[in-house]
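Derivation of every value follows stated rules applied to the coordinates shown; laboratory data play no part. Being a predicted model, the structure only gives us computed values, none of them experimental. Counting neighbours? That spans all protein chains shown, and the Cβs are built from the backbone with ideal geometry, glycine included.
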Amino acid sequence: MEVGLKCGQVETTPYTYLLKCIIDNTFYYGVRFEKNCHPSDFWVKYETSSKEVKNKIKKYGKESFIFEIRKTFTDTKQARIWANKVLRRMKVI
C-alpha cells in the first residue's frame, strides 16, 4: 500500500533517497517532497536538485550511479525532519 497525500488526481509521496556515484565512491542523501512527487519517478523524471550531482551526471552519465529509496512519508514536514536528522547523524550538517 502506498502512502502519501492526495493532490487532485495525483498522489504525492514525499521520500528520502541515497545516491552513490560508483566512479568516485561519493554519496548523496536527499529528500523529495514537491507536489505530485512519487518514489517511482526518481531517476526517471527526477534526478536531484544537487548541482554537484548534476555535474557528475554530465561528466560520468546516469549509469554511473546507483540509488535506493530509503523511506517514504505521509507528509512533507516529516520527510524534511527525517532528512535533517539523518544528515546530522552522518555529521554532514
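A few remarks follow.
- Spacing of the two label points (7 Å from each Cα toward its C-beta) at Ile69 and Arg89, in nm: 2.0 nm
- The mean sequence separation of alpha-carbon pairs under 8 Å and at least six residues apart, normalised by the residue count of the chain, gives a relative contact order of 37 percent.
- Annotation for the stretch 9-65: GluC sites (Glu not before Pro) lying in DSSP loop with at most 15 further Cβ atoms inside 10 Å of their Cβ are Glu34.
- Table column - 3J(HN,Hα) (Hz), the stretch 25-35, Karplus curve with 6.51, -1.76, 1.60, x for Gly and Pro: 6, 9, 10, 9, 10, x, 9, 10, 8, 5, 4
- Under 5 Å, built H, 5+ apart or other chain: amide partners of Thr26: Cys21
- Under 15 Å from a label point set 7 Å out along the Cα-to-Cβ vector of Arg80, the amide N atoms of the stretch 22-64 belong to 31-35.
- Range in the chain, longest, excluding exposed trypsin sites (Lys or Arg not before Pro) [loop by DSSP; at most 13 other beta-carbon atoms within 10 Å]: 46-90
- The sum of -39500 (n - 2.57) across all DSSP H runs of n ≥ 4, divided by the residue count of the chain, sets its helix-only mean residue ellipticity at 222 nm to -8000 deg cm²/dmol.
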